[in-house]
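Below is one structure, written out as structure tokens, with a few remarks after it.
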Amino acid sequence: MSTQQSTREAITDGVITAKVRAALGEDPITASYDICVQTLAGIVELSGFVGTDIVRIEALHVTGHVHGVLRVEDSLDVRRLG
């Protein structure tokens with residue numbers, strides 16, 4: 001089995017990544033955070049820093065409801081300021 005993505009899979013993953021980024025940017029809870037989105041074979045990994053567990057949960061929820069997302073992997077780090 002090849003570990004390289006086909007062109008079709010790469011394009012599909014790119015579309016999913018763009019949709020997730022847009023959804024996170026439109027959500028009032030997650031919009032102000034710089035959340036990194038990476039997609040491989042429909043599995044989306046979120047990484048970066050958020051301020052609260054509420055933001056982390058919302059980011060996972062929003063991502064999970066984007067068409068084409070098969071699974072969401074949580075690599076977000078909660079860092080409270082102050």
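Some observations on this one:
- Subset of the stretch 32-63 [in a helix (DSSP H, G or I) and within 20 Å of GLU9 (Cβ to Cβ)]: THR63
- With respect to the conditions (1) crowded, with 17+ Cβ neighbours inside 10 Å; (2) of a type in the set (Asp, Glu); (3) out of contact with any Asp or Glu (no Cβ under 8 Å at 6 or more places or on another chain), GLU26 lacks only one, and its number is (1).
- When the stretch 1-12 is filtered for residues that are aliphatic (A, V, I, L, M) and open to solvent by 100 Å² or more (accessible area, probe 1.4 Å), the ones remaining, listed by number, are MET1, ILE11.
- Within the stretch 30-48, being surrounded by 14 or more Cβ atoms within 10 Å (Cβ to Cβ), touching a helix residue (DSSP H, G or I) at 6+ places or on another chain (Cβ under 8 Å) and within 15 Å of GLU58 (Cα to Cα) holds for THR30, TYR33, ILE35, VAL37, VAL44, LEU46.
- Only one entry of VAL69, VAL15, VAL78 meets the criterion of being buried (at least 17 other Cβ atoms within 10 Å of the Cβ) and out of contact with any Gly (no Cβ under 6 Å at 6 or more places or on another chain), and that entry is VAL69.
- Residues satisfying the stated conditions in the stretch 1-31, i.e. modelled with pLDDT of 95 or more, among the small types (Gly, Ala, Ser) and assigned to a loop (DSSP other than H, G, I, E, B): ALA31
The values are calculated or read from the model by the stated rules, or taken from the named source; none is laboratory data. Owing to the predicted nature of the structure, the values given are computational and were not obtained by experimental measurement. Note that we place each Cβ from the backbone using ideal geometry, even for glycine, and neighbour counts take in every protein chain shown. Note: accessible area is taken over every heavy atom of the protein model, side chains too, but ligands, DNA and RNA are not part of it. Shrake-Rupley method; radii C 1.70, N 1.55, O 1.52, S 1.80 Å.
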